[in-house]
1. Report yes if residue B:143 is within 13 Å of chain A (Cβ to nearest Cβ), surrounded by fewer than 18 Cβ atoms within 10 Å (Cβ to Cβ) and of a type in the set (Asp, Glu), otherwise no.
2. Tell me yes or no: at least one residue of the range B:69-79 is buried (at least 18 other Cβ atoms within 10 Å of the Cβ) and facing another protein chain (nearest Cβ under 7 Å).
3. Based on this model, can you work out whether residue B:93 counts as modelled with pLDDT of 90 or more and within 10 Å of chain A (Cβ to nearest Cβ)?
4. In the range A:191-213, how many residues are buried (at least 19 other Cβ atoms within 10 Å of the Cβ) and either touching an Asp or Glu at 6+ places or on another chain (Cβ under 8 Å) or not hydrophobic (A, V, I, L, M, F, W, C) (or both)?
5. How many residues are crowded, with 17+ Cβ neighbours inside 10 Å, touching a residue at least 40 places away in the same chain (Cβ under 8 Å) and in a strand (DSSP E or B) if we restrict to the range B:7-42?
6. Can you pull out every residue in the range B:45-59 that is surrounded by fewer than 22 Cβ atoms within 10 Å (Cβ to Cβ) and either more than 18 Å from the chain's Cα centre (by Cα) or closer than 17 Å to residue B:168 by Cβ (or both)?
7. May I ask you to verify whether residue B:181 is among the hydroxyl-bearing types (Ser, Thr, Tyr) and touching a residue at least 12 places away in the same chain (Cβ under 8 Å)?
8. Out of the range B:63-89, which residues are in a strand (DSSP E or B), of a type in the set (Val, Ile, Thr) and within 18 Å of the chain's Cα centre (by Cα)?
Amino acid sequence: MLDGRGSLKRRLGARLWLSGTWLGIMALLALFAPLISPHDPLAQDLFAGRLPPFWLSGSDSAYLLGTDSLGRDVLSRLIHGARIAFSVALLAGLATAFVGSTLGLLAGYMRGWVDIVISRLVDIWMAFPPVLFAILLIAVLGTGLTSIIIAIVVIDWTRFCRVVRAEAMNQSAMDYVSSAIVAGRPRRDILWREILPNVLPTIVVLSTLEMGIAVIVEAILSFVNLSISTDAPTWGGMIAEGRTSIHQAWWVLAFPLGVLFLTVLSFSQFGEGLKDRFDPVLR
Amino acid sequence: MSAFLTVNNLSAALHGFDQRVLRSVSFSIDTGEVLGLVGESGAGKSMIGKAILGILPSAIEIVEGEILLDGQDLQKMKPADRRRLIGATAALIPQDPLTALNPSRRIEPQITNRLVDILGWTKSDARGRAMELLNEVHIDNPERVMASYPHELSGGMRQRVLIASAFAANPKLVIADEPTTALDVTVQKQILRLIRELQTRHSTAMVFVTHDLGVVSKVCQRLSVLYGGKIVENSSVPDFFEGPKHAYSRALLAATPKYNDPDASLLPVDEAVIEAVAAEVLAADKEWRHGG
């Protein structure tokens, strides 16, 4: 008899560690933003405009990462930006996962007309260019956090739907599903207890990827000024503002860009790491 | 007494096609009897089992005939009632033990689900029954096996679990779909003995699907030879091995490897015989089309 339990525990791996740590730090910053940030992210001080970060000459130790052209503290804005980015990532990521996975599971498991309706809907949906679709939606819904989240869910549920549908179909064809049918178990029970647990790892991995995408979408919308109110400290908004003064104050652009890049990368790497870990075939 | 399972003139076809995959199949099994379904790959052996249990792939539908399980016509029942009847009286021993257990659930609920949810047993009764059955299939430490995930067990162990699971609810009919094909030869023998043992003890009616005539001679009392979804010969096992009536059956028997004479063992079925039996099947199709 095989007794491989102990040896099957694998180490977390650098990928999960690094990305997890970064995401953890960002999440903490987001959670405790008002306590941590040294300044009010909206407070302007026109006499302290475009101060460089602490290691350059002419810096002010009160503004560790410098200030933008209106004299707002870059560090504080970054921290509060994390709050917005993570709210969007979590809420939009989970809501998208829920909507897309539910429809995908139904289509893949029930087949028949349910599958036809949902799949055609996905096909039609995917024919829209996503960024234009988002801008259109925001224009209709108005700006604000809720609108952004709704826009992301409405655009991206298809991503989940397709993958989850395929996976549910795969699992439905397995012998253990046949056995459950022969055992006379109700269909809902089979979907819930036989198929869903095997599709769940896929959903978890996709969700983390989706969170990265949500962060990007939010940044894009902020960049084109369609996110929250104009002066709200969003990473995308900071990048847009920093762009205009890149020759005088590169730090206003560089810091949010770097943080955004690392966060999105971490989400996708975290997802990949989880996939390796949860893949039942590798397990 | 009347047969426990009767299949009458059963035909199945690919959805939307005129081509049948099961061609007017008829047979019956009494309680405690084992019927072997023999044929080459693609002959429709497994399809018959799946048709009986209501797990045909969605692309294939039953186009005519009746399946009487314990006197009730499955085709005429409401789907929900049919599932309940099958759940209470029939069970499946699947072909591939590697995919027949849910990889993300422990063994225990996979055996006891049917008992608790469908038959209304208490959890502890079901657990006791599962232990008893794992003992019956000669698993030494049932507690540990029940707490394991499928990937922690070997193929032979998993097949034992599946057999235990199949017999858990005292089924009156078990369909064994090539239960030993995915296992290596040494394990095959143990598993066969086990199935036979449980079948005798519970006097279960059994359909044993296989391509191995050696297995049939050990397990079954009667057998049906299939070609192209049509039964070409029904026979008792002793009669069959003494002298099969149909030319295709004779050729199939002759193609069985003989361990004492390895050089003569790789005898393919004669082309002419195949052509003859194929023609027979097509003729039957023609007749069927004109009749229907």
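The values are calculated or read from the model by the stated rules, or taken from the named source; none is laboratory data. All values derive from a computational prediction rather than experimental measurement. Note that we place each Cβ from the backbone using ideal geometry, even for glycine, and neighbour counts take in every protein chain shown.
1. yes
2. No, the range B:69-79 has no match at all.
3. When the stated conditions are applied, residue B:93 passes them.
4. Count: 10.
5. Of the residues in the range B:7-42, 18 are crowded, with 17+ Cβ neighbours inside 10 Å, touching a residue at least 40 places away in the same chain (Cβ under 8 Å) and in a strand (DSSP E or B).
6. The answer is B:58, B:59.
7. Considered against the rule, which asks whether it is among the hydroxyl-bearing types (Ser, Thr, Tyr) and touching a residue at least 12 places away in the same chain (Cβ under 8 Å), residue B:181 comes out as yes.
8. Passing the criteria: only B:67.
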